[in-house]
Number of protein chains: 2
Amino acid sequence: MSLQVLPISGIPEIKTGDVLSEIILKALEENNLSLQDEDILVLAQKIVSKAEGRFVNLTTVTPSAKAYEYAEITQKDPRFIELVLRESRSVLRCRLGTIIVEHRNGFVCANAGIDHSNVRGPWGNSEDWVLLLPEDADSSARVIRDQVFQKTQKRIGVMIIDSHGRAWRMGTVGVAIGLAGVPGLVDLRGKPDLYGYRLRITMIGAADELAAAASLVMGQADEGTPVVLVRGFPYPLRESSIQELIRPKELDLFR
Amino acid sequence: MSLQVLPISGIPEIKTGDVLSEIILKALEENNLSLQDEDILVLAQKIVSKAEGRFVNLTTVTPSAKAYEYAEITQKDPRFIELVLRESRSVLRCRLGTIIVEHRNGFVCANAGIDHSNVRGPWGNSEDWVLLLPEDADSSARVIRDQVFQKTQKRIGVMIIDSHGRAWRMGTVGVAIGLAGVPGLVDLRGKPDLYGYRLRITMIGAADELAAAASLVMGQADEGTPVVLVRGFPYPLRESSIQELIRPKELDLFR
């Protein structure tokens, strides 16, 4: 089956309190698309954070001593660093221009996913505003999926994605940060291979592969296409969580 | 524009010396697909390696002292480890069951990409055979692209992909290991953001995002769908190399 990744045009600028499921269903209609069972909606993190009002004005933030330390190393705004630390469990690496952390929700990323570009505050324009990741992106995804089901009776998956840098390779790629219905991992371990004489050992990071595909179509999310519809995802939908995709510390050779 | 990732069915078991461009063009015809300019063909590494005869029989390999050392740590076959070391520039991590290296071609991966499962030797069935990555996957991709152009006059991109594990996250994802015409990175640095007051700093790992999408459709490559056709890649094709995607050591905090 072929995989189709369809950009949904016409999503307006999202504001705090907006109900994303309604906005997306309206946009789908305007795009002459109707949802089918097993479809997946992929949302850029930014619109979810905006709808949830995850804006913070830096002028309200008082940096800790630790934040001043990391700000000195990174040469970033200590108030920004303070928010990064509050959103994180631990700091993995800190260098000029870069702070890599373990986010509260478990995944590793730069700046705890806090976004400084393209952020206008909830009530106007200012460079002082930043945008945190959703409080709990799995939960955000589930709410949207359940609202879509209530309104359409369609059993779809919803995934929230962000762009992350990587060890070893240049360039950011889309990765999942919240899942509802989309399997994070597909476990092929123990299945016989093509010739039947060796058991396979692969777990596929299926949600991240899909996130990358969606990210490609979004380009720079928030530049107009923060929602895409995926049709033809090759694995059955099931209950899931981003926690599946997080490598336990004791299995991680690169912390 | 929507992204379509189309599996090409009917690719036969590939043998040393097979001309992949001919086999793929024939399969496209049988799938009622005709190539268009800007299409991209994505190939699983395994069929390229097989066509290039990159089989090695372990019984012909004499392990070095170093190979015995790493074999002891990993509890892998010393002959296999010897091949891993020959295919690598350096060893990043070595633990029970795992050896992560910098491959000759620059990228970081487990086992130097050498495959032990699903490998039958060129002349029959044996567990002693392994399959190395293509000697130079960029060059392999270019040859196929140029042959396709000669036969169809279509200007397409060709990409060779493999599945890699990752730091921090569970599950393998498709990544590019050889590029012809497909941009590895798309550089958005210096472009103004949506509100025009901040310059963006993003480089998108576009080829890897596409590799992940293709990998999703291939499932476990070699289980029947080692070639996919991509239509609607959102960036213009240009000359490229996998080297774009390799993070220089001095910019890599996770070596």
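Output the pairs from B:26/B:50; B:15/B:151; A:46/B:249; A:249/B:76; B:15/B:249 with a Cα-Cα distance over 25 Å in this structure; if there are none, say none. Walk me through the intermediate numbers first.
Values: B:26/B:50 18 Å; B:15/B:151 22 Å; A:46/B:249 31 Å; A:249/B:76 23 Å; B:15/B:249 37 Å.
Over 25 Å apart, Cα to Cα: A:46/B:249; B:15/B:249.
Net charge near residue A:176, counting Lys/Arg +1 and Asp/Glu -1 over other residues with Cβ under 12 Å of its Cβ?
Working: positive: B:169; negative: A:138, A:162, A:208, A:209, A:244.
So the environment of residue A:176 carries a net charge of -4.
Label point 7 Å out from residue B:187 along Cα-to-Cβ: which residues of the range A:133-177 have amide N under 15 Å?
In the range A:133-177, the label zone of residue B:187 (backbone N under 15 Å from the point 7 Å along Cα→Cβ) covers A:170-172.
Assuming R0 = 35 Å, what is the FRET efficiency of residue B:57 and residue B:154, from their Cβ-Cβ distance, to the nearest 0.05? Don't skip to the answer; put the middle values down first.
Working: r = 39 Å, r/R0 = 1.11.
Once rounded, the FRET efficiency stands at 0.35.
Please report, as a whole percent, how much of the solvent-accessible surface of chain B comes from carbon and sulfur atoms (probe radius 1.4 Å). Don't skip to the answer; put the middle values down first.
On the way: 5140 of 10170 Å².
Taking all protein chains in place, chain B shows 51 percent carbon and sulfur surface.
Note down the magnitude of the dipole of the range A:55-131 about its Cα centre, charges +1 on Lys and Arg C-beta and -1 on Asp and Glu C-beta and zero elsewhere, to the nearest 20 debye. Don't skip to the end; give the middle numbers.
On the way: 9 positive and 9 negative charges, 42 e Å.
That gives the range A:55-131 a dipole magnitude of about 200 debye.
Take every Cα pair under 8 Å in the range A:55-131 that's 6+ residues apart, average their separations, divide by the length, and report that relative contact order as a whole percent.
Details: 131 pairs, mean separation 21.6, N = 77.
Averaging sequence separation for qualifying contacts and normalising by length gives 28 percent for the range A:55-131.
How many Å² of accessible area per residue for the protein assembly as shown, probe 1.4 Å?
On the way: 20340 Å² over 510 residues.
Result: 40 Å² per residue.
With every protein chain kept in the model, how would you rank A:62, B:16 by accessible area, 1.4 Å probe, largest at the top? It would help to have the intermediate numbers written out before the result.
Details: A:62 105, B:16 75 Å².
So the residues, ranked largest to smallest area, are A:62, B:16.
List, shortest first and in nm to one decimal, how far the label point of residue B:26 (7 Å from Cα along Cα→Cβ) is from its counterparts in the other copies.
Ordered by distance, the counterparts are at 5.5 nm.
Considering only the label points, 7 Å along Cα→Cβ from Cα, what distances in nm to one decimal separate residue B:64 from the same position in each other copy, shortest first?
Inter-copy label distances (nm, one decimal, shortest first): 4.8.
For chain B, what is the relative contact order in percent, using Cα pairs closer than 8 Å and at least 6 residues apart in sequence?
Details: 508 pairs, mean separation 66.0, N = 255.
Here the relative contact order equals 26 percent.
Let's see if you can work this out: charge +1 on each Lys and Arg Cβ, -1 on each Asp and Glu Cβ, no other charges. What is the dipole magnitude of the protein assembly as shown about its Cα centre, in debye to the nearest 20?
Dipole size: approximately 680 debye.
Determine the total buried accessible area between chain B and chain A, counting protein heavy atoms only with a 1.4 Å probe; round to the nearest 100 Å².
Numbers: alone 13470 and 13460 Å², together 20340 Å².
In total, chains B and A hide about 6600 Å² from solvent.
State, to one decimal in nm and shortest first, how far the label point of residue A:12 sits from each corresponding label point in the other identical copies (label point: 7 angstrom along Cα-to-Cβ).
Ordered by distance, the counterparts are at 6.0 nm.
Can you compute the helix-only [θ] at 222 nm over chain A? Use -39500 (n - 2.57) per DSSP H run of at least 4 residues, normalise by all residues, nearest 500 deg cm²/dmol. Working shown, then result.
Working: 6 runs with 66 residues, N = 255.
So the helix-based figure for chain A works out to -8000 deg cm²/dmol.
The values are calculated or read from the model by the stated rules, or taken from the named source; none is laboratory data. This structure is a prediction, so every number in the text was calculated from the model and none was measured. Methodologically, a virtual Cβ is constructed for each residue, glycine included, from the backbone with ideal geometry; neighbour enumeration extends over all protein chains shown. Accessible surface areas use protein heavy atoms only, side chains included; no ligands, DNA or RNA. Shrake-Rupley method; radii C 1.70, N 1.55, O 1.52, S 1.80 Å.
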